[in-house]
Every structure is written in C-alpha cells, then in structure tokens.
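Asks: I have a structure I would like to understand better, so I am pasting it below and will then ask my questions one at a time.
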Amino acid sequence: MFTTQTGPQPADLADVRATNLAVVLRFVRAHAPCSRADIAGSTGLNKATVSSLVAELLDRRLVRETGLAENRIGRPATMLVVDGAPYAAIGIEVSIDELTVVAVDLAGTELLSWRRAFDGSSGSAGRAVSAIAALANRAVNRVGHQGREVLGLTVAVPGLVDGSGTVRLAGTLGWRDLPLGADLHRALRGPGYEVVVENDANLAALAEYRHGPYAGTANLVHLTGGAGLGAGVVADGRLLRGGRGFAGELGHVPVVPDGPGCPCGRRGCLEAVAGIPALIRRALPDVAEDGPVTDFAPEVDRIRSKARRGDRATLDALAEIGRHLGRGAALLANLVNPEVVLLGGYYSTLAPWLLPAAEAELHANTLAPEAGGARLLASALGTGAAASGGAARTLETVDAGRLPLRDPDRSTARGPGSAARVSGKTPTRSSTAPGDPEPESGTGPAAADAATSATPGSAGPTRQPAAQR
C-alpha cells in the first residue's frame, strides 16, 4: 500500500550538521575574533556541540585559532577567525568594453583584480566565450600556484539570465538565448568547481550588501552605469529576483514617448536616455563622427575633465542625465522602498554632477520623502562591483551551508587550478514549533537571528529530529 506523508519532514542528519556548521561559520565571520563560548551563548547551540562543530571547521581550514583573549572574566579563551586560506572564489564581469576578474579567499581578502580590454560590441558570442574562459583560466592558474583551490566561478552579464545560465537577452552585447553557462563549462573542459552566470546588477547589489560601506542594509538598490542600466535590488536582506530571475530591469522602463531607440528594440527606455552611451552622445557630440564608442573609460574621463572646468554644455548634459536617473530612482523608491539607492559603475565617477539633479527629482517624485524616503548616493565600489559580487556569491553559498569537503590533503602538492570538492548537501530549515527537539545534541533554544550574519537568505541552527537523536 502506498501512502503520502504531508507536513514537516524529518531533516537528514547530514543536513542538520551542515546547517549548524554554516551557523557557526557565519557567526565567526560576523563577530571575529570570538570564542566558542561566544558562539554557544549567541546561537543556542550547547557547548559540546559548538566544540564539535568548531573542530570540524578547523579541520576543513574554514576557521583558525588566533591565540588567547586575556581581557575576559575567568580563564582566557581561545579566539577564532575565518580562515579559508586553501580556497578561492572568482568573479568575472562582462562589459561592452572590458572584462574584470576578481578573486578572493573565504575570508574575503582580495587575491587578484585584473581588467582586460574586450570588444563586446562585435556581438560574436563565440569569441566572447573564448575570451571569458581564457581570463578565467589565468585566474584559476594564479590562485592554483598559490596553493588555493577554486570553489566557484560566477560570471556577471548585463542582461536577462535564467536559472540555467542562459542569457536570454543582452541587448548591449547583441546576445539572445546564449547558453553561456554551458558554453563556458565546455570551454573550461568541465572544471571541478561550480560555474554560474548571473545578472551584473544583482551581483553588484550583493557586493554592496556584503562588503560595501552600506553592508548589511536590508533594503538597498545598486544602479549599474555602463553600456546598460540595471537595478540590483536587495529587499529585506534578499536579492529580489522575480519569477524567472529577470527583476530589476529598470533601464527598460519607457520614460520618454517616442524617444531614442534602445538596444532592446523599443524606444524611449530609461537606458536609452540616461545610460552612459546616451551621456557620451549628449556631452561629446564629436565622438559620433568616429563611429560607435567601444571604450567608455576615456570618454567618461573627458566628460569629468570638462565638468571640472565648468563647461556649460557638459554640466547641462550631466544634469539632464541626473534628472532621468532621479525619476528612475523614484520609481524604485515608491515600489520597493529602499533605504539607499547607490549609483554604480561610471555613474559613481560622475556622481558629483549627477547627484544634485537626481536628488531633486527623487525628492519631488517620492511619496512622503521626508518620512523615510531613500537616500541617493554614489557607490564606493567602482566599475568592478559585479565582479566582486560574483566572488561574493560563492562565499554566500559557503555561508549558507554548501561547505567544501574535508581539508585538502596537506601532504600532497596540488597542481595549478585544482578544484575543491564541495559538499552536495544543502542546508534545510526544519519546520519548528514550541516543544520541538533542540539543535543537534543541545538542550538550549536555537537563536537563529543572533547567529545570522549580514548575508541574504541565511538560516539559523537546524534542529535534529527526535527520532534521530
């Protein structure tokens, strides 16, 4: 006889432990240096369980001991910090004029940051895949020579990316229905690390949320300023993705009826009137004589120099773009109510001249602007924010419980570019209610919120099913 069981299901023991390992790792990341007693006191896991979890994290070299803290009541405590030195995470940002790659270790320390010229205007997907794969291989080899193993590669693209890693539309690059994730996996010859493709604005917002000046702000928006214009939205501490991952396409909201053509094929989109190409056309009309711009940095530098000299036409152009950006920010402010909207990419370079007009429009078009309206500010992360966010995405998965397997064999020399094995277990949040079993072998209440660091989608300690204790 077949039966169907409904309601909460028992969690697998491995899932329980993976989740609680992640809880401890997140706590150490957020509160380092901290002791085992600090972890137990804040998470609700008992001391024996914490000692066991910390021992495993030490074995995996995800945390390390830093010595004793003397200025405490009672015996000195051994303090813990995030380690992760044997591992690396890599992010690559694809723009129309350049590729940017960033690698970090699991403590978030930057290992490398490179930029390479790239002609994305050709629309040749094959050459683009080859260029991205070549840069990824160089980065993997570099960290491999440092004795590090790569846990993940995330590629940021200015366009619509679905859950399979297919770029459904990237108008500025001329891509449509490009299986970039699968193509890269093949070009990299089936690497042992995870390869993910994601929208650039989403990853830039993740970088802001994780380690920008406004890190931990539960509701923020990052506006990309490159060939395209997108909005990465963090709402209540989570990336806002939408039903298929296409949320945040602010640049393709029509704002000027019968306005200039947009790469998406429509007219009058915000990107068409306020994107960096639109600014260059408006502020540097002579550039059009030389054909389409394929390298934005020199032109943006020219605009900034002219603005500093007080050139009236340049200042008027910047004010016009600022007004359009302010109206776009007001749409977001009224829809998702962010605490801060950050102008990123090339917008951040030009922020001193964009912000006055943008702030005026935001204030004029936001409901109750004096009662908690969004602040409009320049991003401090510059034009490589999405690459940094790509690397941070791998750290997010580790913090969420997708941990590397046991510490790589310390006695065996590893070749360049070797990839770490990652646990296939993902954390699950059990349905709990008053009277449920305690975490692992513990007896105290689980305090999930206290254990969760500023990472979207993190979960607290998982309780072990009574039948398996």
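Asks: Across segment 374-388, what is the total count of residues that are part of a helix (DSSP H, G or I) and closer than 14 Å to Leu223 by Cα? So that I can check it myself, show each step before the final result.
Replies: First pass over segment 374-388, keeping only residues part of a helix (DSSP H, G or I): 382-388.
Narrowing further to those that are closer than 14 Å to Leu223 by Cα: 382-386.
Looking only at that region, the number is 5.
Asks: Given Leu25, Leu99, Leu21, which one is under 25 Å from the mean Cα position of the chain (by Cα), under 25 Å from Ala201 (Cα atoms) and modelled with pLDDT of 90 or more? Give the derivation first.
Replies: Numbers: Leu25 fails: under 25 Å from Ala201 (Cα atoms); Leu21 fails: under 25 Å from Ala201 (Cα atoms).
That would be Leu99, the only listed residue that is under 25 Å from the mean Cα position of the chain (by Cα), under 25 Å from Ala201 (Cα atoms) and modelled with pLDDT of 90 or more.
Asks: Out of curiosity, is Leu135 under 20 Å from the mean Cα position of the chain (by Cα) and not β-branched (Val, Ile, Thr)?
Replies: Numbers: under 20 Å from the mean Cα position of the chain (by Cα): yes; not β-branched (Val, Ile, Thr): yes.
The answer is yes for Leu135.
Asks: Determine the pairs where a residue that is without any contact (Cβ under 8 Å) to a residue 60 or more places away in the chain and of a type in the set (Lys, Arg), located within segment 36-64, has a partner that is outside any helix (DSSP H, G or I) and open to solvent by 10 Å² or more (accessible area, probe 1.4 Å) with Cβ atoms under 7 Å apart, the partner being 6 or more residues away or on another chain.
Replies: Once the first residue is without any contact (Cβ under 8 Å) to a residue 60 or more places away in the chain and of a type in the set (Lys, Arg) and sits in segment 36-64, its partners that are outside any helix (DSSP H, G or I) and open to solvent by 10 Å² or more (accessible area, probe 1.4 Å) give Arg64/Val81; Arg64/Asp83.
Asks: When segment 167-188 is examined, which residues are found to be at pLDDT 95 or above and in a loop (DSSP other than H, G, I, E, B)?
Replies: Matches in segment 167-188: Pro179, Leu188.
Asks: Here's a follow-up. Give me the residue from segment 335-347 that is outside any loop (DSSP other than H, G, I, E, B) and either touching a Gly at 6+ places or on another chain (Cβ under 6 Å) or on the phi > 0 side of the Ramachandran plot (or both) and, out of that set, most open to solvent (accessible area, probe 1.4 Å).
Replies: Filtering segment 335-347 down to residues outside any loop (DSSP other than H, G, I, E, B) leaves 335-336, 340-343, 346-347.
Applying the additional criterion that residues be either touching a Gly at 6+ places or on another chain (Cβ under 6 Å) or on the phi > 0 side of the Ramachandran plot (or both) yields 346-347.
On the way: Tyr346: 25, Tyr347: 1 Å².
For segment 335-347, the residue satisfying everything is Tyr346.
Asks: Restricting to helices (runs of 4 or more DSSP H) lying wholly in segment 216-325: which have 2 or more residues that are on the phi < 0 side of the Ramachandran plot and open to solvent by 40 Å² or more (accessible area, probe 1.4 Å)? Lay out the reasoning, then the answer.
Replies: Details: elements: 270-274, 276-283, 296-308.
Once the helices (runs of 4 or more DSSP H) in segment 216-325 are filtered for at least 2 residues that are on the phi < 0 side of the Ramachandran plot and open to solvent by 40 Å² or more (accessible area, probe 1.4 Å), what remains is 276-283, 296-308.
Asks: From the residues in segment 367-394 that are open to solvent by less than 20 Å² (accessible area, probe 1.4 Å) and polar (S, T, N, Q), which one is nearest to Arg238 (Cα to Cα)?
Replies: That would be Thr394.
Asks: Can you tell me which residue in segment 154-190 is surrounded by the most Cβ atoms within 10 Å (Cβ to Cβ), limited to those that are more than 23 Å from Ala89 (Cα to Cα) and in contact with a Gly (Cβ under 6 Å, 6 or more places away or on another chain)?
Replies: Step by step, filter segment 154-190, then rank; the result is Ala170.
Asks: Is it true that some residue in segment 352-366 is at pLDDT below 95, at positive phi, open to solvent by 80 Å² or more (accessible area, probe 1.4 Å) and not basic (Lys, Arg)?
Replies: Scanning segment 352-366 turns up no residue that is at pLDDT below 95, at positive phi, open to solvent by 80 Å² or more (accessible area, probe 1.4 Å) and not basic (Lys, Arg).
Asks: Are any of the residues in segment 365-374 over 30 Å from Thr19 (Cβ atoms), in contact (Cβ under 8 Å) with a residue 12 or more places away in the chain and within 24 Å of the chain's Cα centre (by Cα)?
Replies: yes
Asks: Just give me the residues in segment 109-127 being surrounded by 15 or more Cβ atoms within 10 Å (Cβ to Cβ), part of a loop (DSSP other than H, G, I, E, B) and not aromatic (Phe, Trp, Tyr), in sequence order.
Replies: Result: Asp119, Ser124.
Asks: Here's another thing I want to ask about it. Would you mind telling me which numbered condition in (1) closer than 23 Å to Ala117 by Cα; (2) of a type in the set (A, V, I, L, M); (3) without any contact (Cβ under 8 Å) to a residue 24 or more places away in the chain Val300 fails?
Replies: Going through the list (1) closer than 23 Å to Ala117 by Cα; (2) of a type in the set (A, V, I, L, M); (3) without any contact (Cβ under 8 Å) to a residue 24 or more places away in the chain, Val300 breaks only (3).
Asks: Still on this structure: Across segment 128-150, what is the number of residues that are surrounded by fewer than 20 Cβ atoms within 10 Å (Cβ to Cβ), touching a strand residue (DSSP E or B) at 6+ places or on another chain (Cβ under 9 Å) and not in a helix (DSSP H, G or I)?
Replies: Total meeting the criteria: 1.
Asks: A further question on this structure: Checking Val287 against (1) over 22 Å from Leu335 (Cβ atoms); (2) in contact with a strand residue (DSSP E or B) (Cβ under 6 Å, 6 or more places away or on another chain); (3) not hydroxyl-bearing (Ser, Thr, Tyr), which test does it fail?
Replies: Here Val287 clears every test but (2).
The values are calculated or read from the model by the stated rules, or taken from the named source; none is laboratory data. Predicted model only: the values in this text are computed from it and were never measured. Note that each Cβ is placed from the backbone with ideal geometry, even for glycine, and that neighbours are counted across all protein chains shown. Protein only, heavy atoms only, side chains kept; ligands, DNA and RNA dropped before computing areas. Shrake-Rupley method; radii C 1.70, N 1.55, O 1.52, S 1.80 Å.
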